[in-house]
Amino acid sequence: MCRSKVAVSLTSFALLCCGLALAEEPPRYGFGRPATEAEINAWNIDIAPDGTGLPSGRGTVTKGAAVYAAKCASCHGATGIEGPQTRLVGGQGSLATDKPVKTIGSFWPYATTLYDYIYRAMPLTEPQSLTSDEVYAVVAWLLHTNGIISAESTIDANTLPHARMPNRNGFVSDPRPDLSKSMQRE
Amino acid sequence: MPVLGAIDKGSPMSQQNEGKVVSSELDGNNPVGRRAWLISAVATIGATAASVIAPSLLPAAEQSDTDPTRVPGRMPSPYGARASAETARRLTTATHSLTPHQSLHGIVTPSALHFERHHNGVPAIHPDRHRLLIHGLVERPLVFSMADLTRFPSVTRMLFIECSGNSGKEWKGPTGKMVQETHGLMSTSEWTGVPLSTVLAEAGIKPDAAWVLAEGSDAAAMTRSLPLAEVLKEALLCYGQNGEALRPEQGYPLRLVIPGWEGNTCIKWLRRLKLGAMPFMTREETSRYTDLMPDGTARQFSFAMEAKSVITSPSGGQQIEPGFVEIRGLAWSGRGAVTGVEVSTDGGRTWDQARLQEPVFPRCHTRFRFDWRWNGTEAILQSRCTDETGYVQPARAALVAARGVNSSYHYNAIQTWQVSPDGQVTNVQV
C-alpha cells in the first residue's frame, strides 16, 4: 500500500512493455492474526495423492481385519459388500455396464484418499477417533479385500501412495457444455 | 402491471394443492387473451377482498366466536413466526431435506425452508468459538474470528444454491411425485459476506498456488478442492442469509458460497482454507460428485450447474380446475442470467414465451409466469429456459443420449407434468 510513485510508474511501464496482466497488490486491512505451527498442525488433516500429510505409523491386513470387524462391519457388512451402508468392495469391470458398482476397488483413483477420508469421517458415529495405526490397518484390509495388495502387505506413509488403484485413469475433466445446440432443441 | 400485482396478492396464500380459479369461459387450452384474463383478475380480487375485510360474509357455520374484529390481537413479539394455518414444510430424510417449491412465491426461499444436505449432521457451533484458518501456499498463515471476518468490506447477492443431485432420481425415470421431490434440492437466498479474494489477499497468495481446499467444521469435515483462479472471481465467505445470520443447517456461522456451482462446493461451517499447487483429491471429488458416463469414465470437477427450469404450479400432486390457470415456475443457470423461458402445454409441440419477473439476477432463481386457460382435456406442461450464454435447457432424450442414465448428478432436463382430464397433475417423462 505504501508503494512509491517510482515503483508505480515502473509497474505501469512493465505492463505496457510486456502486456502482462500483473495484478496490483490488493489492499490489506490487518485483520486476523498469525496462525501458530501448533494450530496449523491440529487441523491439517488432509492427505495429498503424493502422500504429503501422511503421519507415521503402519498397519497390516491382518490387524486391519480386526479393526474392520470391530468398527466398520456393522454398517458396511462383514466383507464390505453387504451394507446396509455404502458398499466398499467389488464391482471391478462394472463401470461401463448398465449396472455400475462404484467402490474403492472399482472406482477410487487414489489410495491416499482412503486414509484422508477414513480418518476425517469414519466411523460415522466417532469421526477422527482412530489412531494412525488403526487407519493404516483398515486401509490395508480394504485394499487387500479389493484385490489391490497382497495379504502380507504393510501399509504406511511410504507404501500407501504407491498402491495401484485399478481406476486410476478413469477420470476426465469436465467437457460441458456437452450438448450441441441442435441436440438441445431436439 | 398493477393489475398483475393485485392478482398475485389475491392468489391463494399458499399454493399447495391449489390453483382453483373459477371461470365460466372455456376457450381451449390456450394462452389467455387480455380481456378474459381481466375478467378472472377482477373475480379473484373481489373474492379476496371479501374474505379479508368482511369475515361476517363467511357462511354462518364457519363464523366462530373468535371474530378477529371483536377481540384484541396478540402483542408484538421479539421474533416472528408464520401464521399457524401455513403448513409448507421441508420433506426430510436422514441426509437431506427438500424445499416445498409447490408452496412458495417469488424467488426467495424462506430460510426455514432452504433445502439441507449434510454428510454427518448439523454441528452446533458458537460463533465466538469459530475460527477460520488460512494456510498452505500463502505468505502469512492467518486465523480469523467471526468478528474479524465481519469487519471486511462486505457484499450482498441474490443467489441460488442447487445440489448437484437435484432431480438425480429422474435419471432413471419419473420418480418424484411432487416438485418438492423432483426439484427440492435447490433454494435461493440473499447471501452476505466478504469476497474470498479479499480474505486470501490478507494472507498473501503465493505464485504457485492453483487450488484451494475448503473444509467444514462438521462431523464429516466436508472437504472440496477448488480451482483458485475460478473461485477468486466471485466466491464469498458468507455469514448473512436473508438479512440475518446463516441458519445452522446452512453453515452457521460461516459458509463458502460459489455462485452457480454445485451446492457441495459451498462448504458449510467453513473452518479451513489451504492453498496448494494441485487438487487434493478428496473423497468428495473422486468417489462422489463425479459423473459416470456410459463408457465407464467419470467427469471430474464438474462445478457449474447448467441452465434449468421447472413449473412449480401446477405441478405433481396438485389438482386444477378448468378455466384460467397461471402457470408459474422457476428458471436458473449457474453460467449467468436466464434470458428467456418458453412454456409448452402440448408436450413440446408448440412453445410460447413466458413472462420473467424482474429484476433477473445472474446465478439466481428467476420467477416465470404464463397465462393459460385449461379446457379440461389432457395437457402436457413443460418449461424450457435459455441463459445468457445461449445454452438451451435440453430435452430428456438429448441429455440421456449424451450421458446415459448412470451419472447421478447434474440432471437438468426439461420437466414434464401431465394434466389428466380430471385435473390431476402427475410427473411423466416424454
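The values are calculated or read from the model by the stated rules, or taken from the named source; none is laboratory data. Here the structure is a predicted model, which is why all the values come from computation and not from measurement. Because the Cβ atoms are built from the backbone with ideal geometry, glycine has one as well, and the counts that use them run over all protein chains shown.
Observations, loosely collected:
- Number of positions in the range B:279-302 that are at the interface with another protein chain (Cβ under 7 Å from one of its Cβ atoms) and either under 27 Å from B:Ala337 (Cα atoms) or among the hydroxyl-bearing types (Ser, Thr, Tyr) (or both): 9
- Considering only residues in the range B:142-178 that are within 14 Å of another protein chain (Cβ to nearest Cβ) and among the polar types (S, T, N, Q), the one that is nearest to B:Ser407 (Cα to Cα) turns out to be B:Ser164.
- Odd one out for B:Val360, checked against (1) in contact with a helix residue (DSSP H, G or I) (Cβ under 8 Å, 6 or more places away or on another chain); (2) part of a loop (DSSP other than H, G, I, E, B); (3) among the aliphatic types (A, V, I, L, M): (1)
- Filter pass, B:Gly317 being at positive phi, within 7 Å of chain A (Cβ to nearest Cβ), of a type outside the set (Ser, Thr, Tyr) and in a loop (DSSP other than H, G, I, E, B): no
- Inspection of the range B:124-141 finds no residue satisfying the criterion of being surrounded by fewer than 18 Cβ atoms within 10 Å (Cβ to Cβ), touching a Ser or Thr at 6+ places or on another chain (Cβ under 6 Å) and away from chain A (no Cβ under 14 Å).
- Among residues of the range B:102-134, those that are over 23 Å from B:Ser313 (Cβ atoms) and among the β-branched types (Val, Ile, Thr), counted: 3
- Test: residue in the range B:375-393 that is assigned to a loop (DSSP other than H, G, I, E, B), crowded, with 19+ Cβ neighbours inside 10 Å and at pLDDT 95 or above: yes
- Whichever residue in the range B:398-429 is away from chain A (no Cβ under 14 Å) and part of a loop (DSSP other than H, G, I, E, B) and, among such residues, is surrounded by the fewest Cβ atoms within 10 Å (Cβ to Cβ): B:Asp422
- Among the helices (runs of 4 or more DSSP H) confined to the range A:18-128, the ones with at least 1 residues that are at the interface with chain B (Cβ under 7 Å from one of its Cβ atoms) and closer than 21 Å to B:Met281 by Cβ are located at A:37-43, A:112-121.
- Residue match in the range B:202-212 (condition: more than 24 Å from the chain's Cα centre (by Cα), surrounded by 21 or more Cβ atoms within 10 Å (Cβ to Cβ) and closer than 26 Å to B:His96 by Cβ): yes
- Of all residues assigned to the range B:325-344, at least one qualifies as being within 10 Å of another protein chain (Cβ to nearest Cβ) and part of a loop (DSSP other than H, G, I, E, B).
- Subset tally (residues that are over 18 Å from the mean Cα position of the chain (by Cα) and part of a strand (DSSP E or B)) for the range A:132-160: 1
Results for (1) at pLDDT 95 or above; (2) β-branched (Val, Ile, Thr); (3) in the same structural domain as B:Ile267 (by TED's automatic domain parsing), shown as yes or no for each residue.
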| residue | (1), (2), (3) |
| --- | --- |
| B:Glu86 | yes, no, no |
| B:Pro100 | yes, no, yes |
| B:His126 | yes, no, yes |
| B:His130 | yes, no, yes |
| B:Pro141 | yes, no, yes |
| B:Arg151 | yes, no, yes |
| B:Ile161 | yes, yes, yes |
| B:Gly173 | yes, no, yes |
| B:Gly176 | yes, no, yes |
